[in-house]
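The structure appears below as structure tokens.
The values are calculated or read from the model by the stated rules, or taken from the named source; none is laboratory data. Keep in mind that what you see is a predicted model, and the values were worked out from it rather than measured. Note: ideal-geometry Cβ built from the backbone for every residue, glycine included; neighbour counts use all protein chains shown. Remember, those area values only see protein heavy atoms, side chains included, never the ligands or the DNA or RNA. Shrake-Rupley method; radii C 1.70, N 1.55, O 1.52, S 1.80 Å.
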Amino acid sequence: MITLERHFDEDFYVAADGATLAIDFWSYLNALQARLGWTSADDRTWGYLEELVGDIEPLIEALQDADGDAEAEPYLRRLIDAWASHGAGERDDLRQRVAAMLRQALRAQTAVTPAGAARHP
């Protein structure tokens, strides 16, 4: 099993909105890659993380649009569902653990800013 050096909530606080969470999580995935070594397991992990980064990048690019923030949470929920889909092997195990971290972060963010509440001061 692949070990992730740090958990998402060790490096990031609860996001105020979906856009911030998306950027934070994208940064987290990139930081995980940066911490990898040079073993064959690290090479495999790099590839798995690169897939996840590639999945989230269209959202990061869309956040530059005026309505990008509105699309962030539904997009993140779709990613969670896709990443959490059942499978076997280390790739799917990593995807499921990352999905669980993102799900927890999205729940924490939603608890801080319930639906319908103003998210920006």
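Leaving out ligands, DNA and RNA, what percent of the accessible area of the chain is carbon and sulfur, probe 1.4 Å?
Ligands and nucleic acids excluded, carbon and sulfur give 55 percent.
Would you kindly calculate the translational diffusion coefficient of the stretch 1-89, applying Stokes-Einstein with the Kirkwood radius from alpha carbon pairs, for 10 °C and a viscosity of 1.306 mPa s, and quote it in µm² s⁻¹ without decimals?
Rounded, D is 113 µm²/s.
So, with +1 on the Cβ of K and R and -1 on the Cβ of D and E, and no other charges, what is the size of the charge dipole of the chain about its Cα centre, to the nearest 20 debye?
Here the chain has a charge dipole of around 400 debye.
In deg cm²/dmol, rounded to 500, what helix-only [θ] at 222 nm does the chain give when every DSSP H run of at least 4 residues adds -39500 (n - 2.57) and the total is split over its residues?
-23000 deg cm²/dmol
How far, in degrees from 0 to 90, does helix 90-112 lean away from the longest principal axis of the Cα atoms of the chain, to the nearest 10?
Around 20 degrees separate the two axes.
Compare Glu61, Glu71, Glu50 in a GNM of the chain, Cα atoms joined below 10 Å, and give the one with the largest fluctuation.
Answer for the Gaussian network model of the chain: Glu61.
Enumerate by residue number the chymotrypsin sites (Phe, Trp or Tyr not before Pro) in the stretch 3-102 meeting two conditions: DSSP loop (anything except H, G, I, E, B), and at most 14 other Cβ atoms within 10 Å of the site's Cβ.
Taking the stretch 3-102 and a limit of 14 other Cβ atoms within 10 Å, the loop chymotrypsin sites (Phe, Trp or Tyr not before Pro) found are Tyr13, Trp38.
FRET efficiency for Glu57 and Ala34, Cβ-Cβ distance as r, R0 = 25 Å, nearest 0.05?
It comes out at approximately 0.95.
Which residue, Tyr75, Phe8, Gly54, has the largest displacement toward the positive end of the dipole of the chain when charges sit on each Cβ (Lys, Arg +1; Asp, Glu -1)?
Result: Phe8.
So with the 1.4 Å probe, I'd like the accessible area per residue for the chain, rounded to whole Å².
Per-residue value: 56 Å².
To the nearest 0.05, what FRET efficiency results for Ala100 and Asp65 with a Förster distance of 22 Å applied to their C-beta separation?
So, using R0 = 22 Å, E works out to roughly 0.15.
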